[in-house]
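A short write-up of the structure that comes next.
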Amino acid sequence: MKDKGKIDSGAKEAMDVDEIFMKHVLRLAKRGLGLTSPNPLVGALLVKDDHIISSGYHKKAGAPHAEIEALTKAGERAKGSALYVNLEPCNHYGRTAPCTKAILDYGVKRVVVGMADPNPGVSGGGCEFLRSQGVEVKCGALEEECTRLNEVYIKFVTKGKPFVILKAALTLDGWIATQKGNSKWITNEKSRRFVHTLRKRVDAIMVGVETIIADDPLLMPYLIRRSNRGPVRVIADTNLRIPADSRVLNRGTSALTIIAAGSNVSSTKRKRVEGLGAMVISCKVKEGRIDLSDLLDKLAGMSVTSVLVEGGGTVFGSIIRQRLADKFYIFLAPKILGGDNGVPFTRGPGCDILEECLTLRPLMVRRFDDDIVIEAYPQR
């Protein structure tokens, strides 16, 4: 649908007209995936007589809000129009003036909002303010879809913690590597490309030091220019065992590498790793390993809003036992390792009874050629 398009009568009959336009708003908002953190993903449409006259989306933190972009493009045509936006327009002064003020200045007569802004750190009240100024406001159009789109933002502003995504690639019999640590490649090329898409969308990628020692991953998405920072790389390494020649310490990229170590590591070890360009942060130790909950709190203090956890089994086990994951991507490949001596999906003590198991609520099951990926949320 282009800016000057018009919805047909068949579409009107099949779905509420506001939902049709909100779906287009969501597609616009998704263009900002991986670019707007710590801000939300927002798209906006201006519509008059069922015609889209202008559109916009939030491109990055510090850039104009989606509403402002759409209003500026429309100019005088915005007068008397309807504005569609997936998140409540801001009603406070931040880096920019309130979007509510611009909405009034441009003469918008109706505003359709997907969801209220949950951020307790702002004054809010955008919808109520617009109503008080005589603007017709409708809230809750495709609210579930709008909420899911900004699930990272919502958790960060309401809980003060990063949104944690656990990604694992398994054989059908549940192994993430052979007994010799070989895991390249369990999944196919299409699955791996999708994982790189996930990497581009998050603020940080986390693994344990055993994964660094075994696989020496770079932990960067495909097609990230060397001049671009890319996601932060986080390594849980209680005793600072990371090899000096590890690729995550490669100075050829500007991506920041954070090593989470126990507070009792020697200053000599710490200086060695810091001399290689990494940032070393001290974290609490729980049962001889980095307390991942404490690490996540420290990352939140650095404005890291989302973390993709990629292994290995020890980290996966801790994440699951502590119920720290907000979302799962489990890739199942049509391979059977056989035997009982591979590297398991999770390490550490499991549940004694099935009633204590973590239950997932599947959201979507899709295929990448012969691979299957389950996208799901934990049932709280």
Considering only Cα-Cα distances, which of the following residue pairs are longer than 23 Å: K23/K59; K190/K298; K184/K298; K167/K200; K200/K271; K286/K335?
-> K190/K298; K184/K298; K200/K271; K286/K335
In terms of the ratio Rg/(2.2 N^0.38 Å) built on C-alpha atoms, what value belongs to segment 28-173?
-> 1.11
Leaving out ligands, DNA and RNA but keeping every protein chain, what accessible area does C283 have, in Å² rounded to the nearest 10, with a 1.4 Å probe?
-> 10
For segment 111-157, with equal point scatterers placed on the C-alpha atoms only and solvent neglected, what are the log10 I(q)/I(0) values from the Debye formula at q = 0.16 1/Å, to two decimals?
-> -0.48
Paramagnetic reach from C351 in segment 303-334 [backbone N under 17 Å; point 7 Å along Cα→Cβ] | 317-328
Relative contact order (percent, whole number), segment 204-345, Cα cutoff 8 Å, 6+ residue spacing | 24
Using only the alpha carbon atoms of segment 172-291, find the Kirkwood hydrodynamic radius as the inverse mean reciprocal pair distance, in angstroms to one decimal.
-> 15.4
Ignoring chymotrypsin sites (Phe, Trp or Tyr not before Pro) buried by more than 15 other Cβ within 10 Å or outside DSSP loops, the longest site-free run in the chain is 223-380
L358 paired with Y222, simple spin-label distance in nm, labels 7 Å along Cα-to-beta-carbon | 2.8
Convex hull projection area averaged over all views, segment 137-189, Cα basis, nm² = 6.9
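Given a 1.4 angstrom probe, I'd like the percentage of the accessible area of segment 220-311 that is carbon and sulfur, rounded to a whole number.
So the carbon and sulfur contribution to the accessible surface is 46 percent.
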For K180, the aspartates and glutamates lying under 16 Å Cα to Cα, once residues fewer than eight places off in the same chain are dropped, come out as E210, D215, D216, D340
Relative contact order of segment 29-147 (C-alpha contacts under 8 Å, at least 6 apart) in percent is 20
Return the Cα extents of the chain along principal axes one, two and three, sorted largest first, each rounded to a whole Å.
-> 67, 45, 40
Surface accessible to a 1.4 Å probe, T147 within the full protein complex, Å² = 50
Kirkwood hydrodynamic radius (Cα pairs, Å) of segment 275-380?
-> 16.3
Go through K161/K284; K30/K138; K155/K327; K161/K327 and tell me which ones have a Cα-Cα distance over 20 Å in this structure.
-> K30/K138
Can you tell which of S132, S282, S54 shows the greatest fluctuation in a Gaussian network model of the chain with Cα springs below 10 Å?
-> S132
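Tell me, in nm to one decimal, what length is gained between E189 and I374 on full extension, where the rule is 0.36 nm per residue of separation less the Cα-Cα distance?
Stretched out fully, the E189 to I374 stretch lengthens by 64.9 nm.
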Connecting every pair of Cα atoms under 10 Å apart in the chain and solving the GNM, the largest mean-square fluctuation among K161, K184, K79 falls on K184
Relative contact order (%) - criterion: Cα under 8 Å, at least six apart; region: the chain = 15
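The values are calculated or read from the model by the stated rules, or taken from the named source; none is laboratory data. Keep in mind that this is a model prediction, so the values were computed, not measured. All Cβ positions, even for glycine, are placed from backbone atoms using ideal geometry, and neighbour counts span all protein chains on display. All accessible areas refer to the heavy atoms of the entire protein, side chains included, with ligands and DNA or RNA removed. Shrake-Rupley method; radii C 1.70, N 1.55, O 1.52, S 1.80 Å.
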